[in-house]
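**Student:** To start, I am sharing the structure in question, which I have written as C-alpha cells.
Nothing in this text is a laboratory measurement; each read-out follows from the coordinates by a stated rule. For clarity, every value in this text was computed on a predicted model and none was experimentally measured. Glycine also receives a Cβ, built like all others from the backbone with ideal geometry; neighbour counts cover every protein chain displayed.
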Amino acid sequence: MSGISVRSWISSIADRGRELLDLPLSTPQDQFAQLAAMCKDLVSQKGEARGTAIAREVVRMWENLPDEDNLRFFQMMQNDFSADRKTVIKAAEAFAADPTEANLAVLTHASEPARQDLLRKINMAPGGTRAIVDMRETLIGLLKDNRDLEPLNADMQHLLTSWFNRGFLELRHIDWETSASVLEKLIRYEAVHEIQGWDDLRRRLATDRKCFAFFHPAIPDDPLIFVEVALVHGLADSVQALLAPEIDQKAPKTANTAIFYSISNCQAGLKGISFGNFLIKQVVEELKREFPQLKQFATLSPIPGFMGWLRTRQKSKADDAEMAGTVLAGLSEENWMNDPVRAEELRKPTLTLCATYLATCKRGKSPLDPTARFHLGNGARLERLNWLGDTSDKGLRQAGGMMVNYAYHLNDIEKNHEALMNDGKIAVSKPVAQLAGV
C-alpha cells in the first residue's frame with residue numbers, strides 16, 4: 001500500500017469516526033479547554049474509528065491554537081498525563097520485595113507516563129507524525145525558559161527516535177526533475193552554504209554534483225536531512241571553487257573523489273535524532289555503484305567552533321595562549337586577506353592552532369568542535385587543513401577562513417569509530433598530527 005493510499009485510508013477511518021463525535025462549536029475562549037478535554041478523551045478510546053477521528057481533531061485544534069497557549073498546552077500534557085504515583089510506588093515496592101521479570105514488567109508499564117500513550121494516539125491521525133514533530137520544535141523553543149518541561153521533551157524524543165529509525169527511512173536522489181516543492185525546501189533548509197536562489201540550486205544539481213536526502217513515509221514530501229556532493233579530482237580545498245558556476249561535464253567519468261561539502265538537517269523537531277551517519281555511509285555505497293572509478297570519499301567542512309576557541313585559548317594558561325591572541329588579533333583586522341604579506345604571516349600559526357584545536361581538544365572523549373565530533377564519530381579521519389578554504393563572511397567569522405577535509409577511508413571507518421568511542425583517540429593524518437605536535 002503506497003504512502004498516499006495509507007493516508008487516504010486513515011483519513012477515511014477518521015471521517016467515519018467523526019460521525020460518532022458530537023463536537024460543539026468552540027469559541028476562542030473555550031478552545032484550549034476543548035483541546036484538553038479531547039486529549040483526555042483520546043487516551044481513553046479503544047475503538048479505532050472514533051479514536052482516529054478524535055486524534056485528527058486534536059491535531060486540527062493544535063494547529064489552530066494561538067501561540068500564547070502553547071506553553072499552557074505543554075504544561076497540560078506533562079502534568080495531566082503523567083504516570084500514576086500510587087501505582088508506580090506499589091509496583092516499585094513489589095519489585096523490591098520480589099525482583100522477578102514479571103514484577104519488572106509491571107513496574108515498567110506503571111512508570112510510563114500517559115503522555116506517551118497520548119502521543120502514540122495523536123500519531124494515528126492523518127498528519128499526526130508531522131504535528132508531533134512540529135509540537136517538539138515549538139517545545140524546544142520554550143525549553144530555555146521552562147526547564148521543567150524536560151520530561152515531556154524526553155518522552156517526545158524517545159518516541160520520535162523509534163518512529164524515525166533507519167529502517168523507516170527512504171534514501172532519494174535529488175535532481176532537477178524532483179518536484180518543485182521539495183526543491184524549494186532544499187533552498188530553505190540549506191544550513192551550511194546558503195543557496196542563492198534557483199540558478200544556484202540548478203548548479204548544485206548539475207552533472208558534476210549529486211544530492212541525496214532521507215525521507216520518512218509519514219512525511220513523504222519533506223526531507224529530514226540532505227547531503228550535497230561534488231565529483232572532483234583530488235581533495236577540494238576551497239568551497240568557493242566548489243560553488244563556482246563552471247560545470248565539469250567530464251567529471252562523472254573522470255572524477256576520482258567525492259566531496260561531501262554540505263549536510264543539512266531539515267526538521268528542528270527531530271533535534272537529537274541522528275541521521276547523518278547512516279546518510280553518509282549509504283550515499284558512499286550509492287556513489288561507488290554509480291561511479292566505480294571513485295577512489296576517495298571526503299568532506300570539505302566548516303570549523304564552526306574555531307574562533308570561539310581562540311578567544312578562550314588566549315585567556316588560558318596554555319603555552320600557545322600568546323600565539324592565539326596574536327592570531328585572533330590578526331584575523332580580526334579589516335581586509336587582512338587583501339594584504340599578501342599579512343596573510344602569509346598569519347598562515348602558519350593559524351594552521352598550527354587549528355590543528356591543535358581539532359586534533360586534541362575534546363569534550364569528554366569526543367572532539368570539541370561539533371562538525372569534527374560528527375565526522376570523526378562516524379569513523380572519518382582528520383585529513384587536511386585548508387588555509388582560506390572559505391572566504392565568505394560566515395567562514396571568516398566562524399573559522400578565520402579555515403576549512404578541513406575529513407576523509408572516509410572505507411577500510412578504516414569502523415576501527416576509527418571504535419578507537420574514538422572507547423579510548424577517545426582521534427584519527428589524524430601525519431601532516432595534521434605534525435602541525436598539532438601529537
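**Student:** For the chain, find the longest principal axis of its Cα atoms and tell me its angle to the long axis of helix 128-143, 0 to 90°, nearest 10.
**Tutor:** Once rounded, one gets 70 degrees.
**Student:** Using only Cα atoms, tell me the angle between helix 340-360 and the longest principal axis of the chain; keep it within 0 to 90° and round to the nearest 10.
**Tutor:** In the chain, helix 340-360 runs at an angle near 50 degrees to the longest axis.
**Student:** While we're looking at this one, here's another question. Out of these labelled values of Kirkwood radius over Cα pairs in Å, (i) 22.6; (ii) 25.0; (iii) 23.3, which was calculated from the coordinates shown here?
**Tutor:** Read-out from the structure maps to (ii).
**Student:** From the phi of every residue in the range 164-178, what ³J(HN,Hα) in whole Hz does the Karplus formula 6.51 cos²θ - 1.76 cosθ + 1.60 yield, where θ is phi - 60° and glycine or proline is x?
**Tutor:** With coefficients 6.51, -1.76 and 1.60, one gets 10, 6, 4, x, 9, 8, 10, 8, 10, 7, 9, 9, 5, 8, 4 Hz.
**Student:** Pop out the ³J(HN,Hα) list for the range 418-431 in order, Karplus 6.51 cos²θ - 1.76 cosθ + 1.60 with θ = phi - 60°, rounded to Hz; leave Gly and Pro as x.
**Tutor:** 5, 5, 6, 5, 8, 10, x, 8, 8, 6, 9, 6, 4, x
**Student:** Tell me, what is a quarter of the convex hull surface for the C-alpha atoms of the range 51-156, in nm² with one decimal?
**Tutor:** 7.6
**Student:** Given the C-alpha centroids of the range 42-98 and the range 189-249, what is the distance between them in whole angstrom?
**Tutor:** Answer, in whole Å: 42.
**Student:** Another one. Quick one: in the range 290-369, what % of C-alpha pairs are over 15 Å apart?
**Tutor:** 64
**Student:** Quote to one decimal, in nm, the extra length available between GLN240 and GLU344 on full extension: 0.36 nm per residue of separation minus the C-alpha distance between them.
**Tutor:** 35.4 nm
**Student:** Measure out, as a whole number of angstrom, how far apart the alpha-carbon centroids of the range 373-438 and the range 251-279 sit.
**Tutor:** 16
**Student:** Sticking with this one: Please rank VAL106, VAL232, fewest neighbouring Cβ atoms within 10 Å first, as an exposure proxy.
**Tutor:** So the ranking, lowest neighbour count to highest, is VAL106, VAL232.
**Student:** Still on this structure: How far apart, in nm, are two points set 7 Å out from the Cα along the Cα-to-Cβ line at LYS86 and at ALA433?
**Tutor:** The modelled label-to-label distance comes out at 6.5 nm.
**Student:** Under 5 Å between amide hydrogens, which residues at least 5 positions from LYS362 or on another chain qualify, with H placed 1.01 Å from N in the peptide plane?
**Tutor:** LEU368
**Student:** To continue, here is another question. Taking the convex hull of the Cα atoms, report for the range 167-299 its projected area averaged over all directions, in nm².
**Tutor:** Values: hull surface 31.5 nm².
Mean orientational projected area (the range 167-299, Cα hull): 7.9 nm².
**Student:** Taking every DSSP beta bridge with both residues inside the range 167-299, roughly what % is antiparallel (nearest 5)?
**Tutor:** 85
**Student:** Rounded to the nearest 500, what is the 222 nm mean residue ellipticity of the chain from helices alone, with -39500 (n - 2.57) per DSSP H run of 4+ residues and division by all residues?
**Tutor:** Roughly -16500 deg cm²/dmol at 222 nm, from the helical runs in the chain.
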